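One structure below.
The values are calculated or read from the model by the stated rules, or taken from the named source; none is laboratory data. If you're wondering where the values come from, they're calculated on a predicted model, not measured in any experiment. Positions of Cβ are generated from backbone atoms using ideal geometry, with glycine treated the same way; all protein chains shown enter the neighbour counts. Accessible surface is based on the protein model in full, side chains and every heavy atom, while ligands, DNA and RNA are left aside. Shrake-Rupley method; radii C 1.70, N 1.55, O 1.52, S 1.80 Å.
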Amino acid sequence: PIVVTVTGLPPGLSYDDVNGEIVGTPTTLGTYPVNIHAANGFAPDADATYTIQILGPTLSASKAFQPSTILTGNTTQLRITLTNTVGISQVSFSDPFPAGITATPATTTQCGGTVTLSATQLDFFGDLPTPGSCTIVATVVGTSATTRTIVNTTGNFSWNDGTGRMPGVSGSLVVQVPVPPTITSGAPPNGSVGT
C-alpha cells in the first residue's frame, strides 16, 4: 500500500488519508510550501513540493439601515457597502424587500454600476475596476402595521461572469407602530397623560 504524508499545510487545512484529499477551511492568509511524501516500501520514495496561497476575499459586503429603528410611515436609508481587494467585473445581486419595507424612488450609488429600484426590490449590476469600497444607498419606508424587527437579506452576489460567488448579507430594521397618547381622568396622582 502507498502511504502518503502531507506537511506544511496552512492552518485550518489537514490531509484526509482515507479519501486522499486536503480538507478544511484555511484560517490564515499567506503562502505555504506544502510537501507531499509517498512511500510504498520500495525505493525510491516520491516527494513533491507545491505552493498553496491563501488569499483574502475578492469581494465582501455589509448591509445596514440608518437609522435602524423607525416609526411606521417614516423613512430610513438602506446602505449596502461593497469592498473589493482586486478589480472585478460584472458584479450583480438582487435585494428583494420583505413585507413591512417599501422603497421610494430616491437612490444613489458610488459603485459606478446600475441600480434598478422598484417599490419591492433593488438590483445592482456593474464593474468594480479599482480596489476599494463603495456604497449603494436607497431610501425605504417602514410600512409594517405591527411593531416588529424585519430582517432583510440580499440574494447571492456573483462577479466575473458568475465565476465568483458569495452568500447574501443581512440587515435588521425595527419598525414601531406609534402609540397615541392617552388621558386618564382623576385627581392627582390618578390622572395622567401618556407619552
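Rounded to the nearest 5, what is the percent of antiparallel bridges among the DSSP beta bridges in the chain?
95 percent
What ratio of Cα Rg to 2.2 N^0.38 Å holds for the range 1-155?
1.61
May I ask for the net charge around LEU173, where only other residues with Cβ less than 12 Å from the Cβ of LEU173 are counted and Lys, Arg are +1 while Asp, Glu are -1?
Neighbourhood net charge equals +3.
Dividing the alpha-carbon radius of gyration of the range 1-83 by 2.2 N^0.38 Å (N being the number of residues), what value is obtained?
Against the empirical 2.2 N^0.38 Å value, I get 1.98 for the range 1-83.
Let me understand the range 50-132 better: what is its radius of gyration from the alpha carbons, and its Dmax, in angstrom?
Final numbers for Rg and Dmax: 15.7, 60 Å.
Using Cα-Cα distances under 8 Å and only pairs 6 or more residues apart, what relative contact order does the range 68-122 have, in percent?
Normalised by residue count, the contact order of the range 68-122 is 32 percent.
Counting only heavy atoms of the protein chains, get the accessible area per residue of the range 56-167 (1.4 Å probe) and round it to a whole Å² value.
Per residue, the range 56-167 has 47 Å² of solvent-accessible surface.
One-quarter of the Cα convex hull surface for the range 94-156, in nm²?
Across all orientations, the range 94-156 yields a mean hull projection of 4.7 nm².
Net charge near VAL6, counting Lys/Arg +1 and Asp/Glu -1 over other residues with Cβ under 13 Å of its Cβ?
-4
Over all distinct alpha-carbon pairs, what is the Kirkwood Rh of the range 13-54 in angstrom?
12.0 Å
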